[in-house]
Amino acid sequence: MTVYDLRTENQTRPLGLGEFHPRFSWKLRAEEKNVAQKTWQVQVSTNDTFTKLFWDSGVVTSDQSHFVPYSGPALSPQTRYWFRVKVTTTAGNTEWSGAEWFETALDPKFSMPGKWNLPFISPEGPKEGKSSAAKALKKEFSLPFVPVSARVYATALGLYELTVNGKKVSEAVFTPGWTAYQKRLAYQTYDVTALLKKGANQLGALLGPGWYKGELTWMRSRNLWGKQLALSALLEVTGSDGQSLTLTTDGSWLAAESALTYTEIYHGEVYDARRESTEIWVAAQVIKTPKISIVAQEGPLVLPQERFAAKKIVTPQGGEVYDFGQVLTGWVKFTVQGKAGDKVVLSHAETLDAKGNFYTKNLRNARQRIEYTLKGGGKETFEPRFSFQGFRYIRIEEGAALVDTKKLEAVVLHSAMTPSLEFECSHAGLNQLHHNINWGWKGNALDVPTDCPQRDERLGWSGDAQIFAATAARLYQVDGFFRKWLRDVRADQHADGSIPFVIPDVLLRNPKKEPMMKGSPAGSTGWGDVAVIGPWQVWLASGDQRLLDESWPMMKGWVDFIRGKARDGLLWDTGFHFGDWVALDAKEGSFFGATPNDLTATAYYAYSTELLAKTARILGKEKEATTYEKLHGRIVKAFQTEFLTPRGRLAARTQTAHILALVFGLIPQEHQARTIADLAALLEETDGHLTTGFLGTPAFCDALTGAGRLDLAYQLLLKEDYPSWLYQVSKGATTVWEHWDGLKPDGTMWSTKMNSFNHYAYGAVGDWMYRTIGGITLDPKAPGYKHIVFQPQPGGGLTHSKQKVESAYGPVSMEWTIAEGTWTLNFEVPPNTTATLVLPSGTTQYGSGKNTVTVPAP
């Protein structure tokens, strides 16, 4: 019996933790079955030997082992603390665990609006808003002692890369990340002890426009938050004898132009290596500190992940085209050799056209182009700094003979979320679909949940995040990622409670307006509902009740906004809505599906109100719970009166109308059979194919399964001809597409106006796959896998499935096989949790341990 995997705020060894009331988590490892924790004890110390004890919880009778709150004395800022855990269980007691640590961030008072006390310095003037060049800063200083501990705390207006003595302080990229800059900015903490030395040292920074002042949106706007790049940093160094040195950004720093003469998120970079070490250094400018909240890093940093080698391919149009075998988000690292002034140019593309040629028309204005000018004199290696590309293929437009093509390397970039789920089954197409869903999320989880990573958009669309949140929370440990982004949702929420279409809200700040989006770019059904559904789904998977608590005002504000707009406070029939976006039942040339907006809006209004009432109960807000439960009941009745005939027929004869009415519980019991039959008839009319868009598709299989038509759900999922999930697989997709017919059966492309081949939204079916095929379901009565429901539902001819989830309590797994009329199920329940196995023959309760059950095949 051992305790392992100790975490603070669900992180391992967080450096610069901004939460000064942290929570601890741990897992139990035991060979015995039915193990439950009885007591726990946590000790916190200021050294790893625990001779300087800071807090001892004493023995606490509780089975809680996840998000256990620290309740000792106030923690000091910029301090490393060690902690350890000892528990008693029903199967015996443990010794003290090994020690783990967390290190606190700067004093939280500095994160209050207008209280940041470190100067911002800029390498450029206030009239350089149109500049896309990266600029350099440096500070040379002498350290009179050998460093034993050194930290840098840094942030920027724009993106920054920090170096100490010419070496990067971290592998993290795109720092300080993308937040609602008008209200919030993150700073990062780095341990730079090993990079410093006694004597002469240099702290350097390279700044790029990024999201702060660079070009954004298809309307090609820039300077949406500011016109000047700037850095704010603090270096603190201590020696063995208590010596110290403190250095901050100030007017003594120097600034210069850099060799990176152009860098934009959408368009790529231009780098002239001949300019290296030729800088003309001038004094940096101290600028006004923004009166916003500058907070410690909240979510995972963006880091390099996998790397792919390239394979040269032949295209009809010729040229040097290389295939990395996977649509991904990141950049290409390459090595060249030539004389000074030689140039290498790379272009990036997601796909090839019908003739097999390099295809970039779907990028719209985004250039995705890298230009590198050599300095000469030997081998030179380059990779971008402040621009990422969405691609599978590259074409060397110029200088191919200079490139060592054996060293072409695609570097995958995304937020460093911990993977949670492994899945495979007996259907090769579904295994590839799972792969595509996973890569679609990875490609669009670069600090914010974006719609796509390649064209001139790449925005945090709230609708995409809403429909995919449940799937994302199964694939990865996303509580930190979404906590950070949901705080920006709250920051950008309008005073009336409406939620912007994109977060951070570049559309409201944009001086140019999209004609299609009438009025304020906020308040669309299904999009704004991320304010409620997002926190709920993350809580369900992680068990983080604190997230629900801090999200409550936002959740309530959204529902109250709808109530204020709805007719009689019940039927939402006003305002602009995307509706069932890009559904196949839309009119020719339209993006808007055929399901009436007042139906989808009222349906989502009912669902969000229901979740809000449940959240109120969880948080102990009994009065609010009762209020919103009653409101939910009235909305449901109003929906039935407005959209159901007296005999129970839905007025809107679309697949999505029936799907939403069923999954959101809006159909009276006496009319459910008819609604199910009508949905089946609609499906039959399209030969078993879907015609749904963003709002209908994610819930389609759930609607059929919940209605007792598991057979139709499998038939829908396993369709291989257009339109279907597996149609994309049959066309060689390695991610999920934006459109069912992004690549048409005849090989032609959907419109160049909006045709991403890396768009995770339709991958939301993954949640159904992992619950129904994989057989592992979350229980809202005991979230975060504290209680597990095993309920695999085989169908579609599948004979095997294997799924594993790394939960907060340890591995949860379910593997089943059907052979010779027998259904064999092997499943594992981690210590300190319980499970229910649900089979057609009945339900059985289990404690922890590994189990095998054999029953007749269903």
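The values are calculated or read from the model by the stated rules, or taken from the named source; none is laboratory data. Keep in mind it's a predicted model, so treat the numbers as computed, not measured. Methodologically, a virtual Cβ is constructed for each residue, glycine included, from the backbone with ideal geometry; neighbour enumeration extends over all protein chains shown. Calculation scope for accessible area: heavy atoms of the full protein, side chains included, ligands and nucleic acids excluded. Shrake-Rupley method; radii C 1.70, N 1.55, O 1.52, S 1.80 Å.
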Could you please let me know if Leu548 is of a type in the set (A, V, I, L, M), closer than 22 Å to Leu695 by Cβ and either open to solvent by 10 Å² or more (accessible area, probe 1.4 Å) or in contact with a helix residue (DSSP H, G or I) (Cβ under 8 Å, 6 or more places away or on another chain) (or both)? no
Scanning the range 251-264 for residues that are buried (at least 23 other Cβ atoms within 10 Å of the Cβ), out of contact with any Lys or Arg (no Cβ under 6 Å at 6 or more places or on another chain) and either in a loop (DSSP other than H, G, I, E, B) or of a type in the set (Ser, Thr, Tyr) (or both) gives Thr263
Give all pairs with beta carbons closer than 7 Å in which a residue from the range 639-650 that is within 13 Å of Asp573 (Cβ to Cβ) meets a residue that is hydrophobic (A, V, I, L, M, F, W, C); count only pairs at least 6 apart in sequence or on separate chains. Phe639/Ala603; Phe639/Ala606; Phe639/Leu666; Glu642/Leu571; Phe643/Leu599; Phe643/Leu650; Phe643/Ala651; Phe643/Ala652
Pick from Val314, Val295: which is of a type in the set (A, V, I, L, M) and open to solvent by less than 40 Å² (accessible area, probe 1.4 Å)? Val295
Kindly establish whether Thr278 is of a type in the set (Val, Ile, Thr) and assigned to a strand (DSSP E or B). no
Checked Ser730, Ser724 against criteria (free of Cβ contacts under 8 Å to residues at least 40 places away in the same chain and either polar (S, T, N, Q) or surrounded by fewer than 17 Cβ atoms within 10 Å (Cβ to Cβ) (or both)); the one match is Ser724
Give the range 619-645 a look and list any residue that's outside any helix (DSSP H, G or I) and at negative phi, or say none. Leu619, Lys621, Leu644, Thr645
Residues (aliphatic (A, V, I, L, M), crowded, with 22+ Cβ neighbours inside 10 Å and in contact with a Leu (Cβ under 9 Å, 6 or more places away or on another chain)) located in the range 349-395: Ala349, Ile370, Leu374, Ile394
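To keep it simple, each residue is scored yes or no on (1) more than 21 Å from Leu690 (Cα to Cα); (2) open to solvent by less than 50 Å² (accessible area, probe 1.4 Å); (3) at pLDDT 95 or above.
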| site | (1), (2), (3) |
| --- | --- |
| Phe591 | no, yes, no |
| Ala603 | no, yes, yes |
| Thr609 | yes, yes, yes |
| Lys623 | yes, no, yes |
| Thr627 | yes, no, yes |
| Arg634 | yes, no, yes |
| Phe643 | yes, yes, yes |
Taking the range 162-191 and keeping only residues that are charged (D, E, K, R) and open to solvent by 40 Å² or more (accessible area, probe 1.4 Å), one is left with Lys167, Lys168, Glu171, Lys183, Asp191
Filter the range 41-91 for residues that are under 26 Å from Pro108 (Cα atoms) and charged (D, E, K, R); which is farthest from the chain's Cα centre (by Cα)? Lys52
Does the range 354-362 include one or more residues that are among the aliphatic types (A, V, I, L, M) and in contact with a Lys or Arg (Cβ under 7 Å, 6 or more places away or on another chain)? no
Of these, Ala613, Ala541, which one is open to solvent by less than 50 Å² (accessible area, probe 1.4 Å), in contact with a strand residue (DSSP E or B) (Cβ under 8 Å, 6 or more places away or on another chain) and not in a loop (DSSP other than H, G, I, E, B)? Ala541
Within the range 385-444, tally of residues that are assigned to a helix (DSSP H, G or I) and hydroxyl-bearing (Ser, Thr, Tyr): 1
Looking at Leu660, Leu666, Leu682, which is the one that is part of a loop (DSSP other than H, G, I, E, B), open to solvent by less than 20 Å² (accessible area, probe 1.4 Å) and aliphatic (A, V, I, L, M)? Leu666
Answer from Ser520, Ser498, Ser524 - the residue that is out of contact with any Lys or Arg (no Cβ under 8 Å at 6 or more places or on another chain), part of a loop (DSSP other than H, G, I, E, B), without any contact (Cβ under 8 Å) to a residue 60 or more places away in the chain and over 25 Å from Pro783 (Cβ atoms): Ser520
What are the residues in the range 449-473 that are on the phi < 0 side of the Ramachandran plot and charged (D, E, K, R), if any? Asp451, Arg455, Asp456, Glu457, Asp464
Give the residues of the range 719-743 that are part of a helix (DSSP H, G or I) and within 18 Å of Ala354 (Cβ to Cβ), sorted by residue number. Tyr727, Gln728, Ser730
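Give the residue, chosen from Leu245, Leu234, that is touching a strand residue (DSSP E or B) at 6+ places or on another chain (Cβ under 6 Å), aliphatic (A, V, I, L, M) and open to solvent by 20 Å² or more (accessible area, probe 1.4 Å).
Unique residue meeting the criteria: Leu245.
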Among the residues of the range 79-97, are any of a type outside the set (Phe, Trp, Tyr), closer than 30 Å to Val270 by Cβ and buried (at least 19 other Cβ atoms within 10 Å of the Cβ)? no
Output the residue which, of all residues in the range 758-797 that are hydrophobic (A, V, I, L, M, F, W, C), touching a Leu at 6+ places or on another chain (Cβ under 8 Å) and open to solvent by 10 Å² or more (accessible area, probe 1.4 Å), is farthest from Thr817 (Cα to Cα). Leu778
So, Val152, is that one surrounded by fewer than 21 Cβ atoms within 10 Å (Cβ to Cβ), over 25 Å from Thr278 (Cβ atoms) and among the β-branched types (Val, Ile, Thr) or not? no
Could you check the range 561-604 and list, in sequence order, the residues that are among the hydroxyl-bearing types (Ser, Thr, Tyr) and either assigned to a loop (DSSP other than H, G, I, E, B) or touching a His at 6+ places or on another chain (Cβ under 9 Å) (or both)? Thr574, Ser590, Thr595, Thr600
Within the range 49-72, can one find any residue that is touching an Asp or Glu at 6+ places or on another chain (Cβ under 6 Å), assigned to a loop (DSSP other than H, G, I, E, B) and within 27 Å of Thr155 (Cβ to Cβ)? no
